[in-house]
Amino acid sequence: MKEVKYTRKDKIMLYLGCHLSTTKGYVNMMKEALSIGANTFAFFTRNPRGGKAKAIDEKDLNKFLELYEENGFGKLVAHAPYTLNPCSANENVREFAYQAMKEDLDRMELIPNQYYNFHPGSHTGLGVDAGVEMIAELLNKVIKPEQTTTVLLETMAGKGSEIGSKFEEIRAIIDRVELKDKIGVCLDTCHVSDGGYDIKQDIGTVLNEFDKIVGIKYLKALHVNDSINPIGAKKDRHAKIGEGYLGVDTFKAVVNNPYLKELPMILETPNELDGYKREIELLRSLED
Ligand code: FE
Ligand code: FE
Ligand code: ZN
């Protein structure tokens, strides 16, 4: 991996945010983001447990787009519903994955050039190889050459039959995607540690491995979470920053890493807005 050095002059502001609720519209999300010192955020494209997406209020959306530019926000990281599983043994579940992602990607074009993150899927007994094929098949069906959204595969903890806890699995999916410039990876710090990658010891080594196997250019966003459980636990239980196994030092390494510091960083810790505000302040304070 190429050595990247920053001087004081080109120091950029970290892009930090958390998940916000779409219930009161886009302008409201922007207001909430600004109130906690965020300059990016995540939102669910529909109910995280599934279901239909809300109709879009055009006035709200246009005002939002204005505010987005004015406030110098980084790329947003939308999140697909948790129930979206392209490699379930159940055909109805796979059909929902296709419909939901197709619709979501259409809607994402209303806010051009952002990220859409999804959990690659759980193979529910079909096996990793079959799962990888089915995930890639869905992506090849829904990703269009004209879309401006980049679809992100989230690195997973490896709970149950989850695919994507090993960099090799992420790579195998990307290998099969035709439009590779529309695909990327969102690295979740809790998940990779739970998946067995020792970011607590040395995040640089883990990123080197990511680069060798997947390619660092595919890394587009971070989910910044501490983990309740030790490395390799495959549990996926998020902790507040500094209150879990990873500890504050891991996040100090994250916000100062030249490959990570420019990426949108989304908190998914167990917090309300005021807690996120404190964690955003904490993370900003850790930057050298
Ligand atoms: Fe996620
Ligand atoms: Fe996550
Ligand atoms: Zn998680």
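Quick notes on this structure:
- Taking the DSSP bridge list for region 13-285 and keeping only pairs wholly inside it, about 15 percent are antiparallel.
- In percent, rounded to a whole number, the relative contact order of region 1-150 is 20, using alpha-carbon pairs under 8 Å and six or more apart.
- Where labels lie 7 Å past Cα in the beta-carbon direction, separation of E66 and K234 in nm: 5.2
- Amide hydrogen proximity for N225: with H placed 1.01 Å from N in the peptide plane, the residues at 5 or more positions away or on another chain lying under 5 Å are T189, C190.
- Candidates K217, K75, K240: whichever shows maximal mean-square fluctuation once the chain is modelled as a Gaussian network with Cα springs under 10 Å: K217
- Of I135, I111, I56, the one that fluctuates the most in a GNM where the chain has Cα springs shorter than 10 Å: I56
- Applied to region 16-31, the Karplus parametrisation 6.51 cos²θ - 1.76 cosθ + 1.60 on θ = phi - 60° returns per-residue 3J(HN,Hα) values of 10, x, 9, 6, 10, 7, 7, 3, 9, x, 6, 4, 4, 4, 4, 5 Hz, with x for Gly and Pro.
- Amide H partners (placed H, <5 Å) of L219, local residues excluded: V185
- Apolar share of the accessible surface for the chain: 49 percent from carbon plus sulfur atoms, 1.4 Å probe.
- Our summary of shape: the Cα atoms of the chain have principal axis extents of 50, 47, 33 Å, ordered from largest down, in whole angstrom.
- Cross-link reach list, lysines versus K277, counting only Cα pairs under 16 Å and skipping chain neighbours closer than eight places: K31, K240
- Accessible area per residue for region 90-249, computed on protein heavy atoms with a 1.4 Å probe, is 41 Å².
- Fluctuation leader among V151, V185, V128 - the chain, Gaussian network, Cα springs under 10 angstrom: V128
- Partner aspartates and glutamates whose Cα lies under 18 Å from the Cα of K54, excluding those fewer than 8 positions away in the same chain, are identified as E103, D104, D106, E109.
- Simple Cβ-charge dipole of the chain, Lys/Arg +1 and Asp/Glu -1, about Cα centre, in debye nearest 20: 240
- Positive end of the dipole of region 13-285 (Cβ unit charges, origin at the Cα centre): among L267, G125, I173, the Cα lying farthest that way belongs to L267.
- Taking GluC sites (Glu not before Pro) in DSSP loop states with no more than 10 other Cβ atoms inside 10 Å as exposed sites, the chain has its longest site-free stretch at 4-145.
- Anchor K234: lysines whose Cα lies under 22 Å away (excluding residues fewer than 8 positions away in-chain): K159, K166, K200
The values are calculated or read from the model by the stated rules, or taken from the named source; none is laboratory data. Because the structure is a prediction, the values reported are computed rather than measured. Cβ coordinates were reconstructed from backbone atoms using ideal geometry, including for glycine residues, and neighbour counts include every protein chain displayed. Accessible surface areas use protein heavy atoms only, side chains included; no ligands, DNA or RNA. Shrake-Rupley method; radii C 1.70, N 1.55, O 1.52, S 1.80 Å.
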